[in-house]
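Comments concern the structure below.
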Amino acid sequence: MRKKIVLMGPPSTGKTTLARQLAEYFQTNWIEEYGRLYCERFGNDCDAMDHCHIAAGQLYYEELGMLASTHPLLFCDTDVVVTQTFAELYLGECPAIVQAWAAQYHYPLTLLLSPDVPWVQDNLRLFADRREWHFNRLRELLERYQRPYVLISGSYEQRFQQAIAAVETLLREPSANIG
């Protein structure tokens, strides 16, 4: 059975790098964070409509990723729950449709990356001072939406090894299904 594995965490926790590494290790595909691509093109001064567009784009990328490969795994660099938290950071609230999508989609495994690595500034990253809030909010939403997750922390090499172990555990569970 095909499985989507989501990587999430606050900015600058190594999600993109880890998604690439895992895809290479398991010889499969990964999909980029649609929100980053969107903000690179249009800027990161996002309103409610932008967050709706980003959420829909992320879901579309996930579907394209599933169609592009016959491998049983697809690694997703973020998902709509992260879009929900960014809307909350930018706007103080999240559009109802984004919340509904975040609650609706379930995945057999989420790797939640801790903000215990140094912040690396780039041209898009904001909210360095809100990393702990962002991490705690993501964990709260994962629990509210009853999504299975594994906390990933430590050095980048430790994160990679923890993620491999979590995915290998998932692969041994034949009842897990895609969201």
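Laboratory data are not the source of any read-out in this text; all were calculated from the coordinates shown. Since we're looking at a predicted model, the values are computed, not measured. All Cβ positions, glycine included, derive from the backbone under ideal geometry; neighbour counts span all protein chains shown.
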Fill in: D45-Q146 pseudo-label distance in nm [points 7 Å out on the Cα-to-Cβ vector]
4.3 nm
Worksheet, complete the sentence: Under the helix-only model (-39500 (n - 2.57) for each DSSP H run of 4 or more, divided by the residues of the chain), the mean residue ellipticity at 222 nm, to 500 deg cm²/dmol, is -16000 deg cm²/dmol
Practice prompt. Output ³J(HN,Hα) for the stretch 80-96: one whole-Hz value per residue in order, computed from phi by the Karplus curve 6.51 cos²θ - 1.76 cosθ + 1.60 with θ = phi - 60°, and x for Gly and Pro.
Written response: 5, 4, 5, 4, 4, 5, 5, 4, 4, 5, 6, 10, x, 7, 10, x, 4
Worksheet, complete the sentence: Treating only Lys and Arg (+1) and Asp and Glu (-1) as charged, each at its beta carbon, one finds that the chain has a dipole about its Cα centre, in Debye to the nearest 20, of 420 debye
Worksheet item: How much net charge surrounds Y38 when only other residues with a Cβ under 13 Å from its Cβ are counted (Lys, Arg +1; Asp, Glu -1)?
Response: -4
Discussion item. With +1 on the Cβ of every Lys and Arg and -1 on the Cβ of every Asp and Glu, and nothing else charged, how large is the dipole of the stretch 70-153 about its Cα centre, in debye rounded to the nearest 20?
Written reply: 120 debye
Discussion item. Output wanted: per-residue J couplings in Hz (rounded whole) for the stretch 55-63, from phi through Karplus 6.51 cos²θ - 1.76 cosθ + 1.60, θ = phi - 60°, x for Gly and Pro.
Written reply: 4, 5, x, 5, 5, 4, 4, 4, 5
